[in-house]
Structure formats: structure tokens, C-alpha cells
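Everything on this sheet refers to the single structure shown next.
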Amino acid sequence: MEGAGHCASCHSPLNLIGGEKGSELFNGGIVDGWHAPTLKGMATAANPWTQMQLVAYLRGEVASEHGGAAGPMLPVSLSLAQVPISDVQAIADYLLSLQRTVDGPPAPPCQALKPAAPLASEGAAIFAGACASCHGDGAPMRAVDGRPGLAMTSALQADDPRNLIKTVLEGIPLSTGTSSHYMPAFADSLDDQQLVALAQYLRTQSCAGRPWANLDKTVTTIRSEGEPK
Ligand code: HEC
Ligand code: HEC
């Protein structure tokens, strides 16, 4: 596939000399403090991707059931929005053909907490104050483009809280894409302890049985890694 090497440079683990390990191509990697998830097994993931959702995501639009691109993936998707859609469909077909190669069964689907976590918790209060105007049920933003609730996004379903924390700290910059989406950065308005409470609350809403371990340490580490260069 044309440009796959470019995709692989972020979506693969790096070996000691900085090249991508052949057998681990597309197994996921870390870039600028973000987790670039594995691109294998997307068609059969717990929250599976369809070609239509993947094409929308790759072109910088909002994918129903998944959300939109953030962090280092945002510029990639904005440039893919400039190429003919048939090329992006070909990329999507290629990705959807990649089989999961990691040993062991895939993570079981996330189960939301029912009934939802008490609204009186600190995390719930932070969500209500800082996030719900855009991401809450019934928020006007949700009605546009069929945006999913946060529980459906890869950031909340991932077993690593990194992309949720990075998204909240850095926000999503205003871009020039046709479907530009903007989210403010919260690095200055939420302290580490508030971030932990918020992340715990959101994870419980989306994946109640599998809480993120050592969240406070992870939040402190990610914040100290600093802003992207
Ligand atoms: C500069 C690094 C970088 C490059 C290059 C890159 N990606 Fe990404 N990609 C990321 C990061 C980081 C994320 C996670 C972003 C998020 O969760 O908002 C991501 C997310 C994704 C996702 C969503 C996966 C999921 O499970 O949620 C897909 C699909 C994807 N990239 C495909 C591609 C393709 C195809 C290419 C090449 C055309 C590519 N990426 C190139 C960094 C990169
Ligand atoms: C002004 C509106 C706004 C506010 C307030 C806001 N967001 Fe967002 N957020 C967005 C937009 C726009 C996106 C991009 C995806 C989309 O277009 O649906 C997004 C994306 C996300 C994503 C998905 C990123 C990914 O990697 O796929 C997460 C997680 C998220 N927001 C969490 C939060 C949390 C937590 C808060 C509160 C601390 C918050 N947001 C506040 C507008 C907002």
C-alpha cells in the first residue's frame, strides 16, 4: 500500500536503532507521548470498524461509533482529506484486511457500568462542568455529524489511559479541515488529582470491569513529559 511506511513509522514499536521491527509492523507504538494503536484486527475488534467509519476517520471527519482523530493523527487525517476518496478507501480496505497477530484472545468488549456511577462523585462533577457542554448526552455538538458519546471512543476503550489524558491536557487545535473540530486544552485548568478523578469516572462509564491501574502515577508521568515539540 502506498504510504504504508509512513503509517508504520508511528503505528509500530521501535527497535533499539530506531527502525520498525518487521514482524511487529502495525502492532502499535508511542509517538510524542501518544499511543498510536495497533492497526491489526480492526475489523474484528471489540468495537469493530466498518469501511465507512474508517474512511471518515482517516479523512479527518467524525466516525460514528468511534469519534475523531486527535494528537499526531490529526495532521495525518487532514492531509488524507486532500487525496481522492478512492485512495482512502483503498487504505481502509487494506487496514481492515490486516489480521490480529498478537498471541492470546483480544480484550473482551467493554461493559458500561449500569446503573451509571453516582452523579455526586468528583469525576462526575468535573465532567458536568468541563466536558458535558460538548460531550454530554443531548449536547448540541453530539447532534452534529452523529458524534458518539465518549464511552465509544478508542481513548476510553483502550487499556492504556494515555490518549484520554493527552487529549484532555492538550485539547484538539482548531484546524483548517473542512470538518474542523475544536476542543480546549485543560492542562492549566485541571490539576493531576482532578484528572485522575475524571479519568476514573469516564473509564467506569465505558469499561466498568477493567479500571485503569496506577492512574495517579500515569497522570503525573504524562504531564511531566510535557507539551509536544
Ligand atoms: C505521526 C504519527 C502517526 C502517523 C504518521 C500515522 N498515525 Fe494513525 N494514529 C496516531 C496516533 C497518535 C493515534 C491515536 C489518536 C487518537 O486516539 O486520537 C492514531 C490513530 C489511528 C487510527 C485509529 C485507531 C483506533 O483504534 O482508534 C487509525 C485507523 C490510524 N491511526 C491509521 C493511520 C494510517 C492509515 C496512517 C497512514 C496513512 C497513520 N495512521 C499514520 C499516529 C500516527
Ligand atoms: C468545546 C467542546 C469540547 C469540550 C468542552 C470538550 N471536548 Fe472533548 N472533544 C471535542 C471535539 C470537537 C472532539 C473531536 C472529536 C469529535 O469531533 O467528536 C473531542 C474529542 C475528545 C476525545 C476523543 C479523542 C480521541 O482520541 O479520539 C476525548 C477522549 C475527549 N474529547 C474528552 C474530553 C473531556 C474528558 C473533556 C472535559 C475535560 C472534553 N473532552 C471537553 C470537543 C470538546
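A few notes on this one:
- Ratio of the Cα radius of gyration of region 122-225 to 2.2 N^0.38 Å, where N counts its residues: 1.05
- Residues 202, 74 in ascending order of nearby Cβ atoms (within 10 Å, fewest first): 74, 202.
- Residues whose amide H falls under 5 Å from that of residue 172, counting only those 5 or more places apart or on a different chain, are 183, with hydrogens built in the peptide plane.
- The mean sequence separation of alpha-carbon pairs under 8 Å and at least six residues apart, normalised by the residue count of region 27-160, gives a relative contact order of 26 percent.
- Based on C-alpha pairs under 8 angstrom that are at least 6 apart in sequence, the chain has a relative contact order of 19 percent.
- Residue-wise HN-Hα coupling along region 44-57, computed from phi with Karplus coefficients 6.51, -1.76, 1.60 (Hz; x: Gly, Pro): 10, 5, 4, 10, x, 9, 9, 4, 4, 5, 5, 4, 4, 4
- Among 173, 106, 148, residue whose mean-square fluctuation peaks in a GNM of the chain (springs only between Cα atoms under 10 Å): 106
- Taking 23, 79 and counting other C-beta atoms within 10 Å, the order from fewest to most: 23, 79
- Multiplying the residue separation of residue 125 and residue 65 by 0.36 nm and removing their Cα-Cα distance gives an extension gain of 19.1 nm.
- Under Karplus coefficients 6.51, -1.76 and 1.60, residue-wise ³J(HN,Hα) of region 77-90 in Hz, glycine/proline x: 5, 5, 6, 5, 5, 8, 9, x, 4, 5, 5, 5, 4, 5
- Once both labels are positioned 7 Å from their Cα atoms along Cα-to-Cβ, the gap between residue 101 and residue 139 label points is 3.8 nm.
- Gain on full stretching of the segment that runs from residue 191 to residue 50 - 0.36 nm per residue minus C-alpha separation: 47.0 nm
- The Cα center of region 172-220 and the Cα center of region 125-141 differ in position by 13 Å.
- Residue order for 168, 31, 88, 102, fewest other beta carbons within 10 angstrom first, comes to 102, 31, 88, 168.
- Placing +1 on the Cβ of every Lys and Arg and -1 on the Cβ of every Asp and Glu, with no other charges, gives the chain a dipole of roughly 340 debye about its Cα centre.
- Pair-distance distribution of the chain: all C-alpha pairs, bin width 5 Å, starting at 0; shares per bin in whole percent are 1, 6, 13, 18, 21, 18, 13, 7, 2, 0, 0.
- For residue 43 and residue 221, the FRET efficiency from 1/(1 + (r/R0)^6), where r spans their Cβ atoms and R0 equals 41 Å, is about 0.80.
- Sequence-ordered 3J(HN,Hα) estimates for region 181-188 from the Karplus curve with 6.51, -1.76 and 1.60 and θ = phi - 60° stand at 10, 10, 9, x, 7, 10, 4, 8 Hz, glycine and proline given as x.
- Cβ distances below 4.7 Å define possible disulfide partners, and in the chain the cysteines left without one are 7, 10, 131, 134.
Throughout, read-outs are computed from the coordinates displayed, never taken from laboratory work. Everything numeric in this text was worked out from a predicted model, so none of it was measured. Backbone-built Cβ (ideal geometry, glycine too); neighbour counts: all protein chains shown.
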